[in-house]
1. Within the chain, what whole-number % of the accessible surface is contributed by carbon and sulfur, with the 1.4 Å probe and all protein chains included in the calculation?
2. Lys305: which aspartates and glutamates have alpha carbons under 20 Å from its alpha carbon, excluding same-chain residues fewer than 8 sequence positions away?
3. What is the spin-label model distance, in nm, from Asn78 to Ala348 if the labels are put 7 Å beyond Cα along the C-beta direction?
4. Taking the Cβ of Thr339 as the center, what net charge do the other residues with Cβ under 11 Å away carry, scoring Lys and Arg +1 and Asp and Glu -1?
5. Among Lys120/Lys328; Lys281/Lys336; Lys81/Lys135; Lys81/Lys262; Lys139/Lys281; Lys135/Lys262, which pairs are too far apart, with a Cα-Cα distance over 26 Å?
6. Lys212: which lysines have alpha carbons under 22 Å from its alpha carbon, excluding same-chain residues fewer than 8 sequence positions away?
7. Can you give me the orientation-averaged projected area of the convex hull built on the Cα atoms of the range 14-143, in nm²?
8. Would you mind working out the magnitude of the charge dipole of the chain relative to its Cα centre, with +1 at each Lys and Arg C-beta and -1 at each Asp and Glu C-beta, to the nearest 20 Debye?
Amino acid sequence: MSDELQALQAAQGATFEPIADAPDADTPIALSYGNDVVALEAVQSGVTVCDRSHWGRIQVVDADRLRYLHNQSTNDFNSLKPGQGCDTVFVTSTGRTIDLVTAYAMDDAVLLLVSPNRRKYLMQWMDRFIFFADKVSLKDVTDTTATFSLLGPGSDALLEKLGGGAIANQPYASHALIELAGHPVRVAVGSGLTTSGYTLIMDAADAAPVWKALAEAGAVPLGATVWEQLRIQQGRPAPDRELTEDINPLEAGLWQTISLSKGCYIGQETIARLHTYRGVKQQLWGIRLNAPAELGSPLMAGDEKVGTLTSLTQTPDGILGLGYIRTKAVEAGLQKIKTGDSEGELVAVPFVSHEYI
């Protein structure tokens, strides 16, 4: 984060701390602007802006870039055209999750937006699978770029005000280089959550003036604490919580990231077999609780363990968590669970799909 951007955010009331689960994020980020209630209201009825510059950005270039990414992750890259994008999951050879990634195809590169605690790991992982004849190069551009998310129904109007209305109403992950407040910004459809909005990617030198322009146009600043609350409410799985090498992307409910017709890729055989034989043994669910609970604690139905709690947050409507629940228990009609002294119920979360139900 530039000193100028940090000064702007501090003037808006930001408090800064390093993120504990993002060990390769080099600078602190704004946890809160002291306006969490106002920011949550703006997500529902206005527009907010969240600084996601601590997320990783990896640029994949050269002639074989689409073929390479097609072979390394779950979605169909060979069909992508410049200006299009998709969500995809990098998986191990046994189909276990590494990270949920958003990819943006450009004329001469693909830009990957990756989780904060996965950029160095993914750089090393992908480099292992570039062989002598492959025309592919990787570059970590995290430190030279910045990323903001606009969230809320007012995002279209704000972009229109700043001259970026041409991207409105395009398909998810569509993107274009647009001049905002006199600075070139890649504007992509999708906020990173299920909330309507956009992802903005720019040179780090342009981050402060673009942030200032967004704020002056009416975007309410939203800190990482509220982002995490929204993530859990909406069910976006995160590395080291819901995405681990014990979990496959079907269990995580990331069906929209998987092409079942694209052919061979790393982990494809396992994922295809799970799909064909209905082998998804557990599913990610939201869990509404009446009291706090410990992360990692077992989720019980009577005396039987049916799952594990992976994330937890306090919302205006109470305590909400995420957890994996055995598929057979759900199919049998399970609704109520216990964990420790807390009682709860399963709730649907919009980021997650349960194709078998």
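1. Numbers: 7740 of 15260 Å².
Heavy-atom surface of the chain belonging to carbon and sulfur, 1.4 Å probe: 51 percent.
2. Glu242, Asp246, Glu251, Glu294, Glu331, Asp341, Glu343, Glu345
3. So the label points at Asn78 and Ala348 sit 3.5 nm apart.
4. On the way: positive: Lys305, Lys338; negative: Glu294, Asp341, Glu343.
Charge balance near Thr339 sits at -1.
5. On the way: Lys120/Lys328 37 Å; Lys281/Lys336 19 Å; Lys81/Lys135 19 Å; Lys81/Lys262 16 Å; Lys139/Lys281 37 Å; Lys135/Lys262 21 Å.
Table pairs above 26 Å Cα-Cα are Lys120/Lys328; Lys139/Lys281.
6. Lys161
7. Details: hull surface 38.4 nm².
Spelled out: convex hull of the Cα atoms, projected over all directions, averaged, 9.6 nm².
8. Working: 28 positive and 42 negative charges, 199 e Å.
That gives a dipole near 960 debye.
The values are calculated or read from the model by the stated rules, or taken from the named source; none is laboratory data. As the structure is a computational prediction, the values presented were derived from the model and not from experiment. Note: ideal-geometry Cβ built from the backbone for every residue, glycine included; neighbour counts use all protein chains shown. We work out accessible area using only protein heavy atoms, side chains counted, and drop any ligands, DNA or RNA first. Shrake-Rupley method; radii C 1.70, N 1.55, O 1.52, S 1.80 Å.
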